[in-house]
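Asks: After the structure tokens below, expect a handful of questions from me.
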Amino acid sequence: MMAFVPFLVAAAAVAAGAILQSATGFGFSLVAAPLVFAAVGPEEAVGLLTLLSAQVSLMTLATEGRRPQPATGECLVVLAAAAPGAVVGVAVLRALDVVALQIAVSAGVIATLAVRRLATRHLPRWAGVPAGFAAGALTTSTTTSGPPLLVFLLGRRLTPEQMRDTLPVCFLGLSAIGALALWATGTTGAVPELWQVAVLVPVAAAGQVLGRRLFARLAASGRYEPVITAVLLASVLGGLAGAAL
């Protein structure tokens, strides 16, 4: 059985990631993945985080007493391109160790920030194809599929409310695609232990509920995108720190 302290720290990261994703629409795995990977190992972490990410996304869409408003066309483009990417991600998961995967997450976020800095304010819908492929690959290798989706959707000029609903729809689809890819490739190590699920599902649920009020304040402040950039930068530092431990 894993050490108690690393799992406790990972549980705190799951709570923080759920709060962040509820408040901004993304960020769950960027916060939780480095510590969960360190606590349970790469393959099991992918399965566990895929399940918890789907839970948080489903709660955002179905438990807040409102009608979600996702950008359906963008979701369909992303998810269609994600399926082949997910198979590639399984190969990456099997080939790299946890430290290499954490470094890869940080490198991906840095690349995301660079692309976002250089990108025009408006992206065509077909830009969802490379974003979706990258998101699919990241889903089954590091579970951090948010950055390429974020760049694409910000370029589509969605409102904060649309962003917060579109990202969970994409994440739900990616979770299903990722789980299918893991099953089809016989990656049985990704099946989490039941006691881990029993502990972390309530933790993620509590975090999602706490994040709802933060979103209302964030959307009203007009500072949605600067906060997103700050989160991405913080995730780089956290990922590199986790790899160094």
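Readers should treat all values here as calculations from the given coordinates under stated rules, not as data from a laboratory. Just so you know, these numbers come straight off a predicted model, no measurement behind them. Glycine gets a Cβ as well: all are built from the backbone with ideal geometry, and neighbour counts include every protein chain shown.
Asks: Could you work out how much longer the chain between residue 92 and residue 129 gets when fully extended? Use 0.36 nm per residue separation minus the Cα distance between them, nm to one decimal.
Replies: Result: 11.3 nm gained on full extension.
Asks: Take every Cα-Cα pair in region 124-174 and report what % of them are more than 16 Å apart.
Replies: 33
Asks: If the chain between residue 12 and residue 216 were fully stretched, how many nm would it gain, using 0.36 nm times the residue separation less the Cα-Cα distance?
Replies: Once the chain is fully extended between residue 12 and residue 216, it gains 71.1 nm.
Asks: Let me ask something else. Ranked from highest to lowest mean number of other Cβ atoms within 10 Å per residue, what is the order of the peptides 156-162, 20-26, 191-197, 178-184?
Replies: For the peptides 156-162, 20-26, 191-197, 178-184, the packing ranking is 20-26, 178-184, 156-162, 191-197.
Asks: Say each of residue 184 and residue 69 gets a label point 7 Å from the Cα, pointing the same way as Cα to Cβ; how far apart are those two points in nm?
Replies: 3.5
Asks: Each residue of region 184-192 in turn: what ³J(HN,Hα) in whole Hz from Karplus with 6.51, -1.76, 1.60 and θ = phi - 60°, glycine and Pro shown as x?
Replies: Once rounded to whole Hz, the list reads 5, 8, x, 8, 6, x, 7, 6, x.
Asks: Roughly speaking, what is the stretch gain from residue 161 to residue 80, that is 0.36 nm per residue apart minus the C-alpha to C-alpha distance, in nm to one decimal?
Replies: 26.8 nm
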